[in-house]
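Trainee: There's a structure below that I have some questions on.
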Amino acid sequence: MGSKILGFIGYIIIVILIVAATPLALPKLLGMQAYNVISGSMEPTLSVGSIVYVKPVNFIELQEGDVIAFNAGASVVTHRITNIDADDMLITTKGDANEGEDFTPVAYTNVIGKVVAYFPFIGNVAAMFSDTAGKIGAGLLLIIGVILSNAGEKKRKPAEDEEKSTKKTATGRINPKMILALGLVIVMGSLGGFMYIFMGYSKSNTLYASLNEEYVELVVEEESGWEDTVDVDIAALQQINPDVAGWLYIEGTDVSYPIMYSGDDEAYLRTTIDHEHATAGSIFLEGYNLPDFSDSHNIIYGHNMRNLSMFGTLKYYKSDENYINEHKYFQIITEDAKMRYEIFSYFDTEAASWVYAVPYSDSEEFGDYISELLKKSYMGQETDIPKVTSSDKVVTLSTCSTTGMRFTVHGVLVETLSTN
């Protein structure tokens with residue numbers, strides 16, 4: 001009797017995992033992408049934790065009122081269309097819960113597709129299966145389910161097995177072994193996915209470590225001036241890939257990466273300097289910026305990786321109040337100059353917020369923008385904050401936030417050294 005109960009529990013675990021995985025697997029077969037809603041900007045229509053299904057759509061098929069998913073830097077945003085500029089193929093969007101329209105119109109090239117279906121709560125399940133820990137947990141549960149279901153099977157004579165199998169087939173019952181086989185397929189797929197992610201992390205770490213070793217010279221002596229702390233052979237890196245716009249180094253940290261620029265925010269989202277696919281992708285400059293960092297406001301994107309690579313350590317600025325005191329400067333090195341920036345603001349914001357407006361110029365509007373950056377900042381009053389005006393150059397470092405928002409760090413150019 002006990003073995004039958006164990007077997008029943010095992011089958012229940014397997015069936016639950018199969019049902020839970022279906023909302024992710026089935027849409028892909030139908031040519032759709034599934035996304036988890038992680039902010040409340042579209043409430044009450046799309047609540048946090050919902051799953052949305054997005055299908056590619058032609059520009060002429062889009063209408064005001066449609067909900068679309070689009071790339072915004074290193075993020076995917078789902079908002080409603082409020083206006084369409086057919087001549088320039090620009091789309092104005094707005095979150096239903098937001099007071100105003102999104103600051104920057106969306107170019108059609110950044111549109112992933114139209115939301116064709118959505119369901120509440122299921123997005124949380126999707127997030128669990130998309131997460132590395134979730135995949136491992138699901139795989140372990142499935143293995144437990146398989147073990148329990150096997151433990152529940154009694155030893156039977158071949159003749160009896162054949163007779164019972166025939167009866168079950170005749171009555172149309174599902175053969176438990178079919179469930180086991182399907183469960184094993186999912187287990188292998190989960191393990192394969194985990195190995196793929198692990199190998200991707202390892203590959204990215206190896207790549208960037210080799211770039212730092214071969215093309216970067218870092219000096220950690222305290223008596224050295226900032227201009228002597230790091231030297232980068234940009235010309236040699238551009239031989240590997242001409243899209244290298246410069247090198248980013250946050251002083252006193254492991255954030256030391258090439259900055260890519262292609263004019264397309266998707267190009268290096270999951271692609272490395274050597275054109276290989278990688279979950280970590282690359283650090284890259286906003287497509288609407290000029291590649292020489294001459295704009296009044298430049299945005300640099302990077303993934304918030306769980307192994308703390310890329311922009312994974314930016315979170316320390318808000319979790320450790322003393323972190324800013326030891327890491328208040330970052331450098332951008334190009335072929336022509338070394339530029340040092342001092343951090344004056346950091347905070348969480350919406351993925352399609354006013355923060356991502358570029359390029360700006362020396363104007364009253366840019367002055368108002370800077371004032372908002374200072375007003376929203378998490379930096380305490382005791383922190384020595386540099387004075388920033390509309391005539392200054394500002395660089396924003398942007399990454400995903402664990403709050404479902406985006407975390408941005410803003411620095412002002414304080415020193416420039418020509419390297420020619």
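Trainee: Rank-order 144-150, 33-39 by packing density, defined as the average count of other C-beta atoms within 10 Å over each peptide's residues, highest first.
Mentor: 33-39, 144-150
Trainee: For segment 32-84, what number results from the quotient of the Cα radius of gyration and 2.2 N^0.38 Å?
Mentor: Numbers: Rg = 11.2 Å, N = 53, 2.2 N^0.38 = 9.9 Å.
Cα Rg divided by the expected 2.2 N^0.38 Å: 1.13.
Trainee: To continue, here is another question. Only bridges whose two residues both fall in segment 223-418 count here: according to DSSP, what percent of them are antiparallel, nearest 5?
Mentor: Percentage antiparallel, nearest 5: 85.
Trainee: Sort the following peptides by mean Cβ neighbour count (other Cβ atoms within 10 Å, averaged over residues), highest first: 361-374, 335-348.
Mentor: Taking the mean over residues of other Cβ atoms within 10 Å, the ranking is 335-348, 361-374.
Trainee: Of the listed peptides 60-66, 16-22, 81-87, 288-294, what is their order by residue-averaged count of other C-beta atoms within 10 Å, with the highest listed first?
Mentor: On the way: 60-66: 11.4, 16-22: 15.0, 81-87: 13.0, 288-294: 16.6.
So the order, starting with the most tightly packed, is 288-294, 16-22, 81-87, 60-66.
Trainee: Under the 0.36 nm per residue contour assumption, what length would be gained going from the current alpha-carbon distance of SER363 and ASP384 to full extension?
Mentor: Working: separation 21, 0.36 × 21 = 7.56 nm, distance 2.53 nm.
The SER363-ASP384 span can extend by a further 5.0 nm.
No lab work stands behind these numbers, since they all come straight from the coordinates. Worth saying up front: this structure is predicted, and the values here are computed from it rather than measured. Using ideal geometry, Cβ is built from the backbone for each residue, glycine included, and neighbour counts are taken over all protein chains shown.
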